[in-house]
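Reading through the structure tokens given below for one structure.
The values are calculated or read from the model by the stated rules, or taken from the named source; none is laboratory data. No experiment lies behind these values; they were computed from the predicted model shown. We place every Cβ from the backbone using ideal geometry, glycine too, and count neighbours over all the protein chains shown. These area figures cover heavy atoms from the full protein model, side chains too; ligands, DNA and RNA do not enter into them. Shrake-Rupley method; radii C 1.70, N 1.55, O 1.52, S 1.80 Å.
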Amino acid sequence: MDMPKLVELADGIYLLPGRVNIGFIAAEEGCYMIDTGLDRDQARRALNALRSAGLRLAAVINTHSHADHIGGNAFVQKREGVPVLAPRVELPFIEHPWLEPALLYGGSYPRDLASKFFAAEPSRPEALEGRELPFEVVSLPGHSPGMVGILAQGVFFTADAYFGSEVLARHVLPYTYDPGAALSSLQRVLSERKAELFVPSHGQPTEDPAGEVERNIKAIEVAREALLEALKASGREASTCELVQAVLSKLGIRPKSPGLFWLYASCLRGYLAWLEREGLVEAVLKGAELRWRAVKA
């Protein structure tokens, strides 16, 4: 098996490409590891690459609390004894990872959401805020409530603010907790003038992310319009389940597992809340059923 090797992106800034890209920022006190991947195997691979480069770990930075970004936290903390730093609002989900599938499902969740893809091993995080750090922390909420990007020496680790073209083509509808906030964060990425290289967690580093960011913006806009069209096509009203089914069919999405269905359904409920806050739809009760309807202009 080939030994994993770090790619140097700038002086003291490294990347270990993978299913989830893992970044490293070298400082006097050691290296800061940006996310730990899906599981202990990916984390072990990253630590081996770091050691092969003659570098030592100072801390882990979690950009957000999703399982594929924190799945190696527990392994790294046990092996290296370093702190895990994360945005304050994301801390409960890292310390108690069962909260993530509970959020997606809306309560105690079925076994399909108990896998490592949704619920990581628990770890002991500390708040990122209020610390002197050798890089800039950029707020990028939307994909998760408190997601951040990391900017150092012109290299912008953008977390899941946008997805690379291949990943986006595969999933079609990028997951967002709050699609309205996600759109604002996509614009924030485009407006970053100090960045010379953009590194998404799922995709290839690029000097010009405009095309991929615009495709992510388009994906959100298409899903929004598909939801509004589904409401119009339903006549007067439709249930959440009916709307989810209509939008997934419109976008050509066929979830391969119940877990993926609940991921998409949770995402689209966020779209409905977004449209409701904008006054475009409203929820109405019909007996024991909650239904949605478009608000006439």
(Q) Given the condition outside any helix (DSSP H, G or I) and surrounded by fewer than 21 Cβ atoms within 10 Å (Cβ to Cβ), answer yes or no: does some residue in region 154-164 qualify? (A) yes
(Q) Whether any residue in region 54-62 is assigned to a strand (DSSP E or B), surrounded by fewer than 20 Cβ atoms within 10 Å (Cβ to Cβ), at pLDDT 95 or above and charged (D, E, K, R) is what I want to check. (A) no
Q: Determine which member of the set 224, 269, 215, 254 is free of Cβ contacts under 8 Å to residues at least 12 places away in the same chain, outside any strand (DSSP E or B) and farther than 19 Å from residue 148 by Cα.
A: 254
Q: Kindly indicate whether any position in region 93-114 is in contact (Cβ under 8 Å) with a residue 40 or more places away in the chain, open to solvent by less than 40 Å² (accessible area, probe 1.4 Å), among the acidic types (Asp, Glu) and not in a loop (DSSP other than H, G, I, E, B).
A: no
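Conditions (1) more than 20 Å from residue 178 (Cβ to Cβ); (2) in contact with a His (Cβ under 9 Å, 6 or more places away or on another chain); (3) surrounded by 15 or more Cβ atoms within 10 Å (Cβ to Cβ), marked per residue:
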position: 238; (1), (2), (3): yes, no, yes
position: 271; (1), (2), (3): no, no, yes
position: 276; (1), (2), (3): no, no, no
position: 288; (1), (2), (3): yes, no, no
position: 294; (1), (2), (3): yes, no, yes
Q: Kindly provide the set of residues from region 198-212 that are part of a loop (DSSP other than H, G, I, E, B) and free of Cβ contacts under 8 Å to residues at least 24 places away in the same chain, ordered by number.
A: 207, 208
**Q.** Positions within region 227-236 being surrounded by fewer than 20 Cβ atoms within 10 Å (Cβ to Cβ) and in contact (Cβ under 8 Å) with a residue 24 or more places away in the chain, in sequence order
**A.** 228, 232, 236
Q: Out of 146, 142, 130, report the one residue that is at positive phi, assigned to a loop (DSSP other than H, G, I, E, B) and surrounded by fewer than 23 Cβ atoms within 10 Å (Cβ to Cβ).
A: 130
Q: Looking only at region 166-193, count how many residues are outside any helix (DSSP H, G or I), β-branched (Val, Ile, Thr) and open to solvent by 20 Å² or more (accessible area, probe 1.4 Å).
A: 1
Q: Have a look at 43, 74 and point out the one that is among the aliphatic types (A, V, I, L, M), in a helix (DSSP H, G or I) and touching a Gly at 6+ places or on another chain (Cβ under 9 Å).
A: 43
**Q.** Residue selected from region 27-46 under the condition in contact with a Lys or Arg (Cβ under 7 Å, 6 or more places away or on another chain) and under 23 Å from residue 134 (Cα atoms), by the criterion surrounded by the most Cβ atoms within 10 Å (Cβ to Cβ)
**A.** 31
**Q.** Residue list for region 23-62, restricted to those being among the polar types (S, T, N, Q) and within 19 Å of the chain's Cα centre (by Cα)
**A.** 36, 42, 62
**Q.** Single residue of region 194-216 satisfying the filter (buried (at least 16 other Cβ atoms within 10 Å of the Cβ) and of a type in the set (A, V, I, L, M, F, W, C)) that is farthest from residue 251 (Cα to Cα)
**A.** 195
